[in-house]
Amino acid sequence: MGLGGKVSIIGSGVIKFGENFHQSLTDMIYEAVTLALGDARLERQRLQAAWLGCYEPMLYGFEGNSGTFVSDPLNLFPIPVTRVAAYCATGIEAVRNAALAVAAGEYDVVLAVGAEKMREVPSRGSLVAQAVNRGHPVLSKGRTAPGMFALLATRYFKEYGANEEALCAVAMKNHYHGSLNPKAHFQKEITAEQHLRAPKVAEPLGLFDCCPTTDGAAAVILTRTELAPKFTDRYSVIRGIAYAVTAGYWNTQFDPSWGFTSFRSTQEAAKAAYAMAGVTDPAREIKVAECHDCFTITEIVNYEDLGLARPGEGWKLATGGVTRLGGDLPVNTSGGLKSCGHPIGSSGIRMIANIHDQLLGRAGRMQVKGATMGLAHNLGGPGAVSAVAVLSQP
């Protein structure tokens with residue numbers, strides 16, 4: 001079904017995420033793509049097309065036709081470069097579009113790169129401004145992402161008996177994993193006491209429950225699976241990849257059927273990706289995952305929406321250590337958005353690159369033993385869109 005198994009990743013590159021004041025958007029793109037080309041042992045002239053995931057270049061001071069930010073520094077003229085934007089699902093959606101073109105036989109070797117420059121704009125000029133000024137002329141005013149996901153946490157606690165200890169478990173886990181990742185924005189562990197005493201952002205979410213906005217870029221090189229061995233003997237296969245749109249911008253919470261404890265977009269994207277990949281029991285078949293932890297409660301809900309836990313039991317995976325390195329199903333071994341940060345256009349590609357590394361056994365201190373199949377997941381809109389990719393060893 002679809003492109004499952006027809007496209008493989010032969011190279012990846014991820015730059016250091018953080019406050020990269022020393023780099024422009026094009027600098028970051030150049031570095032990520034150069035790393036990916038080096039990993040694939042390819043000259044840039046072999047690339048036949050490219051897709052750029054860049055969520056909001058105008059908001060952060062860059063031109064709308066941002067495909068040129070790939071062509072210019074890498075001298076990729078005249079190949080087509082297409083910009084993709086899908087809220088926080090932008091990165092994986094860029095990879096999906098690139099993979100579709102390869103699977104269709106249009107190209108043999110293509111690039112998917114994601115980049116976002118977010119730290120040089122104050123919060124009132126960036127995501128906060130969007131949340132307040134866009135959408136419904138009345139209902140949109142004053143809303144923020146922490147506020148919406150705080151409602152999710154409050155309802156989830158009431159429905160399933162969880163509490164802030166579950167949020168703390170996710171935060172501590174992801175900060176620990178981030179301490180092992182030299183490319184993460186935050187590379188320090190936190191204690192339960194620090195989590196408890198952190199200032200509240202939107203009750204019950206505190207400072208350590210929220211991911212930071214960040215500068216960063218990541219890239220992957222794709223080819224048809226039948227061609228991959230001609231380039232390298234170390235590659236991963238895209239078994240399934242899907243994208244779902246289930247609501248309008250910021251409209252998830254206005255759906256009268258929404259119970260504030262799950263996201264239909266993730267469920268639909270996961271269902272499609274699993275069908276393409278032939279996955280019938282994700283909790284057993286998936287060995288490592290990178291999922292969208294914009295807030296700690298989101299990661300818990302993701303476990304359930306992705307089929308890694310039953311409804312209402314996701315928090316038990318966190319408190320029981322199941323999703324920590326050494327557990328039965330490690331999640332966000334990179335540190336997740338919580339420690340890596342969330343440069344929106346690049347997060348999904350960074351996740352795919354992390355899973356690619358796991359499958360190749362080169363994740364260093366983050367390595368999961370026996371990682372033969374992995375998952376990457378984005379959620380955005382907030383909650384309106386989702387993308388899921390399932391990768392495996394050949």
Just need a number here: residues in region 375-394 that are farther than 24 Å from T261 by Cβ and either over 13 Å from the mean Cα position of the chain (by Cα) or surrounded by fewer than 24 Cβ atoms within 10 Å (Cβ to Cβ) (or both). 4
Tell me, yes or no, whether region 161-175 has at least one residue that is of a type in the set (D, E), modelled with pLDDT of 95 or more, in contact with a helix residue (DSSP H, G or I) (Cβ under 9 Å, 6 or more places away or on another chain) and closer than 30 Å to A247 by Cα. yes
Residue set G321, G380, G348; condition within 28 Å of G11 (Cα to Cα), at pLDDT 95 or above and not hydroxyl-bearing (S, T, Y); output residue G348
Here's a check for you: in region 345-374, which residue that is under 9 Å from the mean Cα position of the chain (by Cα) and β-branched (V, I, T) is nearest to Y87 (Cα to Cα)? I349
I300 within 24 Å of T144 (Cα to Cα) and surrounded by 24 or more Cβ atoms within 10 Å (Cβ to Cβ): yes
Tally the residues that are more than 27 Å from V14 (Cβ to Cβ), touching a residue at least 24 places away in the same chain (Cβ under 8 Å), surrounded by fewer than 23 Cβ atoms within 10 Å (Cβ to Cβ) and hydrophobic (A, V, I, L, M, F, W, C), restricting the search to region 185-218. 4
Can we say G178 is surrounded by fewer than 16 Cβ atoms within 10 Å (Cβ to Cβ), of a type in the set (G, A, S) and either at pLDDT 95 or above or farther than 21 Å from Q194 by Cα (or both)? no
Need the failing condition index for E159 against (1) surrounded by 14 or more Cβ atoms within 10 Å (Cβ to Cβ); (2) assigned to a helix (DSSP H, G or I), just the number. (1)
Using the structure shown, decide if I297 is over 21 Å from L222 (Cβ atoms), at pLDDT 95 or above and either touching a helix residue (DSSP H, G or I) at 6+ places or on another chain (Cβ under 6 Å) or not in a helix (DSSP H, G or I) (or both). yes
Counting only residues that are among the aliphatic types (A, V, I, L, M) and part of a loop (DSSP other than H, G, I, E, B), which one in region 1-38 is modelled with the highest pLDDT? I15
Which numbered condition E116 misses (of (1) crowded, with 20+ Cβ neighbours inside 10 Å; (2) touching a Leu at 6+ places or on another chain (Cβ under 7 Å)): (2)
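The values are calculated or read from the model by the stated rules, or taken from the named source; none is laboratory data. Just so it is clear, the structure is predicted and the values come from calculations on it, not from any experiment. With ideal geometry, Cβ positions are generated from the backbone for all residues, glycine too; neighbour counts draw on all protein chains shown.
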